[in-house]
Structure formats: structure tokens, C-alpha cells
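The values are calculated or read from the model by the stated rules, or taken from the named source; none is laboratory data. Fair warning: this is a prediction, and the values are worked out from it, not measured in the lab. Cβ sites come from the backbone with ideal geometry, for glycine too, and all protein chains shown count toward neighbours. The area values use the complete protein model at the heavy-atom level, side chains included, leaving out ligands, DNA and RNA. Shrake-Rupley method; radii C 1.70, N 1.55, O 1.52, S 1.80 Å.
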Amino acid sequence: MRRGGDADVYEVFARFGDDPQEPIRWLGSVRSGDPELAWHAAKEIYTRREDCTLLWVAQRAAMVLSEPSDAEALRSPSRLSYRVPAFPGRHRRARMKAAALAAAEASS
Amino acid sequence: MTVLAPDEVDESEQRLARKYELWSEMPEGYREAAARIASFQALAEVVGVLPFTEWIDRAPDYARKQMLIAKVQDEVGHGHVTARVAEDLGLPREQILTDFVEGRTNLLNIFHYGFDSWEELGPAALLMNSSAIVQFQALHHGTYLPYTRALRKIEKEESFHYHHAMDMTHQTMVYGTAEQRQRAQEAFETWLPRLLAYFGPPDSDTYRSNPMYKFGLKVRSNDELRQQWLTKIIPVFKELGIHVDPQLARFDDERQEWDYASPDWVETKRIIKEGGPRYEQWRSHIAASLERNATYRDVALKAAV
Ligand SMILES: [Fe+2]
Ligand SMILES: [Fe+2]
């Protein structure tokens with residue numbers, strides 16, 4: 001991870017349209033010496049066409065951002081395979097197979 | 001020559017398949033090249049809008065004035081987003097503007113002119129917007145993602161500029177006097193060669209080894225884009241009632257490509273280097289606003305913590 005840097009850069013996030021389920025999107029950044037002015041700059045620059053229903057700005061310096069070296073730690077399904085829905089089924093089949101094998105060995 | 005539509009780009013092509021973010025490891029020279037592309041566009045957006053701002057208080061009706069103001073605001077916004085892309089790569093906007101004001105950056109040929117009549121705006125803007133759209137549709141498939149994201153925002157607004165320019169030309173051609181229609185016709189004939197030159201010199205045999213092309217920051221060759229643009233825009237002008245002299249541009253059915261009057265490359269180079277008719281006016285305008293806003297920049301941006 002790293003800290004964002006540049007105190008005069010604000011990242012811009014927005015939602016367009018009336019669907020509140022729609023995820024908030026990252027659009028880009030603006031440069032400003034002041035948070036409220038950054039919000040106004042974002043409004044003027046990024047919301048000129050579609051209907052914007054939500055607009056956030058965040059000072060880049062206050063953000064914590066992932067880096068390429070974090071990719072491994074962020075990739076859940078490959079690293080934490082026991083969390084995926086197919087895992088319990090595989091687990092059960094392996095157990096049953098082992099039990100069947102043990103029963104077959106015992107009877108021979 | 002097979003001409004693909006600009007948005008039909010084969011992104012599996014190796015030089016276009018590898019994409020970069022600001023935080024990606026980049027090949028030697030890539031960062032500087034990406035910064036150059038973004039800063040070049042930022043400057044073009046900001047200077048390119050000045051000929052239009054001159055006409056805001058001369059617009060003949062209220063709706064036209066509103067549309068013109070919206071266009072000018074859009075272009076300044078395009079300057080902001082592309083400047084942000086350059087700034088993150090280490091090239092601050094102050095430097096982009098100062099390099100221009102102090103003569104270290106040249107403007108492409110079309111940004112050296114102004115409009116001498118109201119009737120000139122429509123056809124000139126239509127030629128400029130359509131060429132920008134063709135270029136952006138190709139650049140959209142480029143390899144630097146922050147820049148392609150900026151273009152996604154810009155393209156929506158360019159489509160409005162295109163339709164606005166078409167509407168202006170239509171108004172002149174349908175409701176104008178014979179003299180006004182003549183001015184629109186002359187504007188087309190004056191600006192067509194300028195735009196043909198704007199796409200850059202004919203492809204050399206070595207354009208594929210140009211670093212910009214290899215990095216996938218330049219997506220299509222000059223000739224490919226020029227041909228795509230002619231295919232798109234010439235029928236639009238004909239439809240609007242503009243006469244297209246076959247000497248200026250004509251489609252060759254056999255070779256399936258456009259023949260066009262070769263732009264005056266010597267004059268084009270001279271203008272880029274020495275400045276065209278309005279160069280000094282635009283340069284001093286930007287210099288004056290840089291100076292006027294210096295206090296704000298110093299106080300406000302330095303207050304940022
Ligand atoms: Fe623009
Ligand atoms: Fe535009």
C-alpha cells in the first residue's frame with residue numbers, strides 16, 4: 001500500500017442515474033487548493049452530460065491505495081480457496097471417497 | 001488499402017494489448033511519451049477554444065449563444081482532464097502553459113487561425129470536430145488507461161459539438177442569403193486543406209517503428225485516419241449543400257480510397273514553426289491569464305496541505 005501523495009489533487013467519484021444500486025464510479029481527478037472548491041470543479045468538469053445523482057471528492061493525500069505488490073494479497077478465490085461455494089462439495093466427496101476406500105480395504 | 005472504421009481496432013495486436021496505469025511499470029520512455037500526448041492535447045483544447053470565445057457576444061440568437069457557451073465550457077473542461085493526466089506523469093499545467101507562452105511548444109497548424117465571419121464557424125468547426133472524433137475513436141484503444149478514460153468523458157461532449165456545428169452550417173445553407181451561403185462554401189474550401197494537413201504528413205515506410213506507435217499511444221497511422229475522416233465527413237458536407245470540388249477530394253472507386261489535393265506542406269511547417277495569422281493573439285491571451293491568475297495559484301495551491 002501507499003499514501004496518495006499530492007495534497008492539491010482530489011479524486012472524483014460519482015453515480016449517474018436514479019438507480020441507487022448502481023455502484024459509485026471513480027471518474028478521474030481535479031486539482032484544487034480547497035476541498036469545497038474541488039467539489040465544484042468536479043461538478044463543472046465531470047457532470048456536464050449525464051444526470052449525476054451523487055458526487056464525492058477525496059483528497060488523494062488522505063487515501064490509502066493498493067499497489068501492484070498487493071495484488072496477491074487481494075486475490076481471494078485463488079489464495080483462500082476454502083471460501084468458494086464449490087469447496088464444501090469437494091470436501092464432502094473427498095471424505096466419502098476415503099470412507100468407501102477404507103470400507104473396501106477392511107472387507108478384503 | 002482496407003479501411004476499418006476507427007472504432008474497429010484489433011486490440012489483440014500486441015502493441016495495443018498491454019495496458020498501463022499510472023502505477024504500472026512502464027518501458028523506458030513510455031512515461032514521457034504519455035505525458036507529451038496528454039499535455040499536447042491539454043494545450044490544444046485551451047488554445048483551440050479561443051477563436052470560439054470571440055464570437056460568444058456576437059452570436060445572432062439566444063439559443064446559439066447558449067450552445068456556444070456550453071461548447072467553450074466543455075473545451076476548458078477537456079483541458080482540465082487532459083492536464084491532470086499529464087500532471088500525474090510529472091508535467092504540471094503551469095509548465096504546459098509556460099512552455100507555450102515562451103515559445104517552447106508549437107501548436108498544430110489549425111490552431112493558428114481565427115474566424116473572419118459568423119458563417120465561417122459552422123463549416124470550420126464541423127471539419128475540426130469530425131477530425132477530433134475520428135482521432136479520439138482510435139486513441140480510445142490506446143495503451144495508457146488514464147488517458148483513454150479522459151477521452152471517454154471528452155467523446156460524449158464532442159458529439160454535441162459536432163451536431164452543433166452541423167446545425168450552424170445547416171442554418172446558413174438553408175436560411176442564409178446567397179452571400180452567406182457563399183461564405184460557408186469558402187470556409188469549407190479554406191479549412192479542408194488545413195484539416196488534411198492536421199492529420200500529419202503521409203505515412204513513411206518506417207512509421208511502425210515510431211516509438212509512439214510501438215507504445216500503442218498512437219493507434220492508427222496518419223493516412224489511415226485521414227482516409228477514415230474523409231469517408232465520414234465529405235458526404236455530410238454534400239448533404240448540407242456544400243459543393244465538393246473533385247479536385248479537392250474525390251473517392252476513387254477502383255482503389256477504394258480518397259484522392260485529395262495535397263496540402264501545402266512547406267507552408268504548414270512554416271506556420272507551425274513561425275506562427276500563423278492569430279498565433280500571437282492566442283499566445284498573449286494565455287500569457288495574460290497566466291499572469292492574472294498567478295496570485296490565486298500561489299496562495300490557494302500552496303495552502304493545500
Ligand atoms: Fe475538446
Ligand atoms: Fe470540441
- request: Could you grab the pairs with beta carbons closer than 7 Å, sequence gap of 6+ or different chains, first residue in segment B:45-61 and free of Cβ contacts under 8 Å to residues at least 60 places away in the same chain, second one away from ligand 1 (no atom under 16 Å from the Cβ) and among the aromatic types (Phe, Trp, Tyr)?
  value: B:Pro60/B:Trp118
query: Assuming A:Ala86 fulfils every condition listed in (1) more than 11 Å from chain B (Cβ to nearest Cβ); (2) touching a His at 6+ places or on another chain (Cβ under 7 Å) apart from one, which condition is it?
result: (2)
- request: Might you let me know whether segment B:86-105 holds any residue that is more than 14 Å from chain A (Cβ to nearest Cβ), surrounded by 15 or more Cβ atoms within 10 Å (Cβ to Cβ), more than 25 Å from B:Lys273 (Cα to Cα) and out of contact with any Ser or Thr (no Cβ under 6 Å at 6 or more places or on another chain)?
  value: no
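Per-residue answers, yes or no, for (1) touching a helix residue (DSSP H, G or I) at 6+ places or on another chain (Cβ under 8 Å); (2) β-branched (Val, Ile, Thr); (3) over 23 Å from B:Ala165 (Cβ atoms):
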position	(1), (2), (3)
B:Leu192	yes, no, no
B:Tyr198	yes, no, no
B:Met212	yes, no, yes
B:Val219	yes, yes, yes
B:Asp223	no, no, yes
B:Gln227	no, no, no
B:Ala294	no, no, yes
query: Which one of the conditions (1) in contact with a strand residue (DSSP E or B) (Cβ under 9 Å, 6 or more places away or on another chain); (2) free of Cβ contacts under 8 Å to residues at least 60 places away in the same chain; (3) of a type outside the set (D, E, K, R) does A:Leu65 fail to meet, given that it meets all the rest?
result: (2)
- line: Within segment B:111-158, restricting to residues that are under 18 Å from B:Asp223 (Cα atoms) and of a type in the set (Val, Ile, Thr), the one that is nearest to ligand 2 (Cβ to nearest atom) is B:Ile133
Residues located in segment B:42-80, provided they are open to solvent by less than 50 Å² (accessible area, probe 1.4 Å), within 14 Å of chain A (Cβ to nearest Cβ) and closer than 26 Å to B:Asn109 by Cβ: B:Ala42, B:Glu45, B:Val46, B:Lys71, B:Val72, B:Asp74, B:Glu75, B:Gly77, B:His78, B:Gly79
- prompt: Out of segment B:174-198, which residues are open to solvent by less than 30 Å² (accessible area, probe 1.4 Å) and away from ligand 1 (no atom under 16 Å from the Cβ)?
  reply: B:Gly176, B:Ala184, B:Gln185, B:Ala187, B:Phe188, B:Trp191, B:Leu192, B:Leu196, B:Ala197
query: Which of (1) open to solvent by less than 30 Å² (accessible area, probe 1.4 Å); (2) on the phi < 0 side of the Ramachandran plot; (3) not in a helix (DSSP H, G or I) is the odd one out, the single condition B:Gly216 does not satisfy?
result: (2)
task: Report, by residue number, each residue of segment A:44-67 that is within 11 Å of another protein chain (Cβ to nearest Cβ), closer than 13 Å to A:Phe13 by Cα and either surrounded by fewer than 13 Cβ atoms within 10 Å (Cβ to Cβ) or of a type outside the set (A, V, I, L, M, F, W, C) (or both).
output: A:Tyr46, A:Thr47, A:Gln59, A:Arg60
- prompt: Which numbered condition trips up B:Thr148, out of (1) within 14 Å of chain A (Cβ to nearest Cβ); (2) surrounded by fewer than 21 Cβ atoms within 10 Å (Cβ to Cβ); (3) away from ligand 1 (no atom under 16 Å from the Cβ)?
  reply: (3)
query: Which residue out of B:Arg278, B:Arg255, B:Arg283, B:Arg297 is touching a residue at least 40 places away in the same chain (Cβ under 8 Å), within 14 Å of chain A (Cβ to nearest Cβ) and either out of contact with any strand residue (DSSP E or B) (no Cβ under 6 Å at 6 or more places or on another chain) or of a type in the set (Lys, Arg) (or both)?
result: B:Arg297
